[in-house]
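The values are calculated or read from the model by the stated rules, or taken from the named source; none is laboratory data. Since this is a predicted model, take the numbers as computed values, not measurements. When we count neighbours, we look across all protein chains shown, and the Cβ atoms used for this are built from the backbone with ideal geometry, even at glycine. Remember, those area values only see protein heavy atoms, side chains included, never the ligands or the DNA or RNA. Shrake-Rupley method; radii C 1.70, N 1.55, O 1.52, S 1.80 Å.
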Amino acid sequence: GAGVSQTPSNKVTEKGKYVELRCDPISGHTALYWYRQSLGQGPEFLIYFQGTGAADDSGLPNDRFFAVRPEGSVSTLKIQRTERGDSAVYLCASSSPGGKQYFGPGTRLTVT
Amino acid sequence: AQSVTQLGSHVSVSEGALVLLRCNYSSSVPPYLFWYVQYPNQGLQLLLKYTSAATLVKGINGFEAEFKKSETSFHLTKPSAHMSDAAEYFCAVSYGQGAQKLVFGQGTRLTINP
């Protein structure tokens with residue numbers, strides 16, 4: 001079946017602009033995660049959804065970052081007033097309850 | 001707080017040689033431990049996971065890892081390296097088996113020399 005998909009695969013934006021990154025999880029997976037991977041580093045947890053609600057958003061770096069999952073499936077990570085330090089690969093993963101996390105290919109965000 | 005340390009950001013071995021990638025963790029509660037592999041331009045793929053059932057865990061592609069509580073380690077090994085094993089490897093820890101956030105190490109890039 002289809003895996004986790006993320007769009008766009010690459011996004012280049014100017015400093016100060018607003019961006020949205022989309023994640024389509026595996027059908028039926030109730031849990032969805034966002035991670036951020038900076039160059040040369042391991043993925044860093046941002047936020048975790050169980051269904052429509054954010055069960056843990058402790059990894060969001062500041063209030064410029066926000067994520068939604070209104071119908072419990074697709075999720076959008078939103079970044080306001082982007083900064084050069086936001087440049088990274090943003091990874092999405094999904095899982096069934098108690099199951100392993102399946103990762104998407106990521107969105108590479110470059111802020112110029 | 002949980003954390004993971006991977007010793008060696010870059011490991012290079014010859015084809016056919018033993019692969020050993022080191023991972024040490026800190027956790028205030030019994031951990032769940034994972035190894036993921038990331039091939040170029042691909043998503044993270046789970047190699048294996050430890051969930052307290054057995055200390056020696058076998059994964060895909062001939063990899064295995066041993067949980068050693070006394071050493072707080074979860075090193076990844078493979079007896080004989082293949083060229084196709086060249087990738088980035090990440091150790092991760094969580095409180096729960098699945099639906100919990102993962103805390104990753106910084107990764108180890110494995111290079112295989114012909």
* Structure fact -> Sequence order, segment B:58-67: Karplus ³J(HN,Hα) from phi using 6.51 cos²θ - 1.76 cosθ + 1.60, θ = phi - 60°, Hz rounded, Gly and Pro as x, gives 9, x, 7, 6, x, 7, 8, 9, 10, 7
* **Charge sum, other residues only, whose C-beta stays under 11 Å from B:Ala65's C-beta, Lys/Arg counted +1 and Asp/Glu -1** => +3
* Asked: Among the lysines, which fall within straight-line cross-link reach of A:Lys78, defined as a Cα-Cα distance under 17 Å, with same-chain neighbours fewer than 8 residues apart omitted?
  -> A:Lys11, A:Lys15, A:Lys17
* Counting only heavy atoms of the protein chains, get the accessible area per residue of chain A (1.4 Å probe) and round it to a whole Å² value. => 47
* **Rounded to the nearest 20 debye, dipole of chain B from Cβ charges on Lys, Arg, Asp, Glu** => 240
* Structure fact -> Stretched fully, the stretch from B:His82 through B:Leu46 gains (0.36 nm per residue minus C-alpha distance, one decimal, in nm) 11.1 nm
* Got a sec? What order do A:Asp63, A:Asp24, B:Asp85 fall in by accessible area at 1.4 Å, biggest, i.e. largest, first? -> A:Asp63, A:Asp24, B:Asp85
* Asked: For chain B, which whole percent of the accessible surface, found with a 1.4 angstrom probe, sits on carbon and sulfur atoms?
  -> 51
* Among B:Val19, B:Ser3, B:Ser73, whose Cα sits farthest toward the positive end of the charge dipole of chain B (+1 at Cβ of Lys/Arg, -1 at Cβ of Asp/Glu, about the Cα centre)? -> B:Ser3
* Give me the net charge of B:Ala92's neighbourhood, meaning all other residues with Cβ under 15 Å from the Cβ of B:Ala92; Lys, Arg count +1, Asp, Glu -1. => +3
* **Under 19 Å, Cα to Cα: Lys pairs in chain B, sequence gap 8 or more or different chains** => 9
* Pairs of Cα atoms under 8 Å, at least six residues apart: use those to get the relative contact order of segment B:11-114, whole percent. => 37
* **Dipole magnitude of segment A:7-83 about its Cα centre (Cβ charges: Lys, Arg +1; Asp, Glu -1), debye to nearest 20** => 260
* Using DSSP, restrict attention to beta bridges with both residues in chain B and report what percent are antiparallel, rounded to the nearest 5. => 90
* Asked: With springs only between Cα atoms under 10 Å, which of B:Pro79, B:Pro30, B:Pro40 fluctuates most in a Gaussian network model of chain B?
  -> B:Pro40
* Structure fact -> Counting other chain Cβ atoms within 10 Å of each Cβ in B:33-42 and taking the mean gives 2
* **Cα-centre dipole for the protein assembly as shown with unit charges at Cβ (Lys and Arg positive, Asp and Glu negative), debye to 20** => 180
* **Positive minus negative residues near A:Thr110 (Lys, Arg vs Asp, Glu; Cβ under 14 Å)** => +3
* Structure fact -> Relative contact order as a percentage, chain A, C-alpha pairs under 8 Å and 6+ apart, gives 37
* To do: State the extension gain, in nm to one decimal, for the chain segment bounded by A:Gln50 and A:Gln80, taking 0.36 nm per residue of separation less the distance between their alpha-carbons.
  => 8.4 nm
* Distance between segment A:1-80 and segment B:1-57 - C-alpha centres, whole angstrom -> 24
